[in-house]
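Visitor: There's a structure below that I have some questions on.
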Amino acid sequence: MSKTPQEWQVVLGIDELPDAQWVEMLNALEGKGTIDGGGLEAQGLTASALTPDEIGVALVVESAGAAFRAVRQDQQLTVRQAAEAWGVSPGRVSQIEAADANLYLSTVGSAALRMGYRAKLLLEPLESGPTIVATLGEVGS
């Protein structure tokens, strides 16, 4: 059974109601186990299966900066506390969290690792084709 925008708002824990297109996509994914990336091994890429909940969480943020801010807030850290914990300056935390931050992929990967996360680049086709997921940075690098 399809969920309403209000139900998805509660499920995803977001402040605003999702728009009609987003609700339609989430309802289409509801109940499916995973989405297969398919056929990427030959290209040296690894496709990971994403659950509908993981896709929904990924859609909540509008920028890398918003994602990093969400991590910091989830960890209940101030900018200064985050800077100390992650080994960077408070100014760097603010730069990384900026909505208009122009970050290198290597910066995204290393910042995520410092925060206890693994960053992935997700390429979703506009029309048809496989979803491609690439890990940014490796644990221990």
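No lab work stands behind these numbers, since they all come straight from the coordinates. Just so it is clear, the model here is predicted, and its values are computed rather than measured. FYI the Cβ positions are ideal-geometry reconstructions off the backbone, even for glycines, and counts take in every protein chain you see.
Visitor: Using amide H atoms built in the peptide plane, which far-off residues or other-chain residues are under 5 Å from Lys120 H to H?
Guide: Answer set, sorted by chain and number: Leu136.
Visitor: For Arg72, what charge total do you get from the other residues with a beta carbon under 15 Å from its beta carbon, if Lys and Arg give +1 and Asp and Glu give -1?
Guide: Numbers: positive: Arg69, Arg80, Arg92, Arg114; negative: Asp74, Glu84, Glu97.
Once positives and negatives cancel, what remains is +1.
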